[in-house]
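Below is one structure; the comments refer to it alone.
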């Protein structure tokens, strides 16, 4: 019997999207190889499989790209890169805008994934990693 996930409900306060409060660079959640980092990687891989099957791969690529942003410094805003994730986002069109606030973009992409029916437990893991 396969497990059916209910759509995620992402709750966030727009006013909470301030530096050092809402979203943080994901490796602050214990660093590479930690339990938090491993959970994030497993969740994004599972989301990628879901996204390919549901036609939402570009949103998952956007989330992966945003996983390397920060709430301060040079990575506070969305920037292009040479990564495969960014190339998939750029090809999809208007999911992310270069120069937009990374925290707001992350909240918007997670919300869009939730509205598209992404598995709640995966989004919860990713969201917890961003907000750790």
What is the residue count in the range 85-117 for residues that are outside any helix (DSSP H, G or I) and in contact with a helix residue (DSSP H, G or I) (Cβ under 6 Å, 6 or more places away or on another chain)?
-> 2
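Here is a yes/no grid of residues against (1) modelled with pLDDT of 75 or more; (2) under 17 Å from residue 123 (Cα atoms); (3) more than 16 Å from the chain's Cα centre (by Cα):
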site	(1), (2), (3)
14	no, no, yes
18	no, no, yes
24	no, yes, no
29	no, yes, no
40	yes, yes, no
49	yes, yes, no
85	yes, no, no
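The values are calculated or read from the model by the stated rules, or taken from the named source; none is laboratory data. Nothing here was measured: the structure is a model prediction, and the numbers come from that model. Cβ coordinates were reconstructed from backbone atoms using ideal geometry, including for glycine residues, and neighbour counts include every protein chain displayed.
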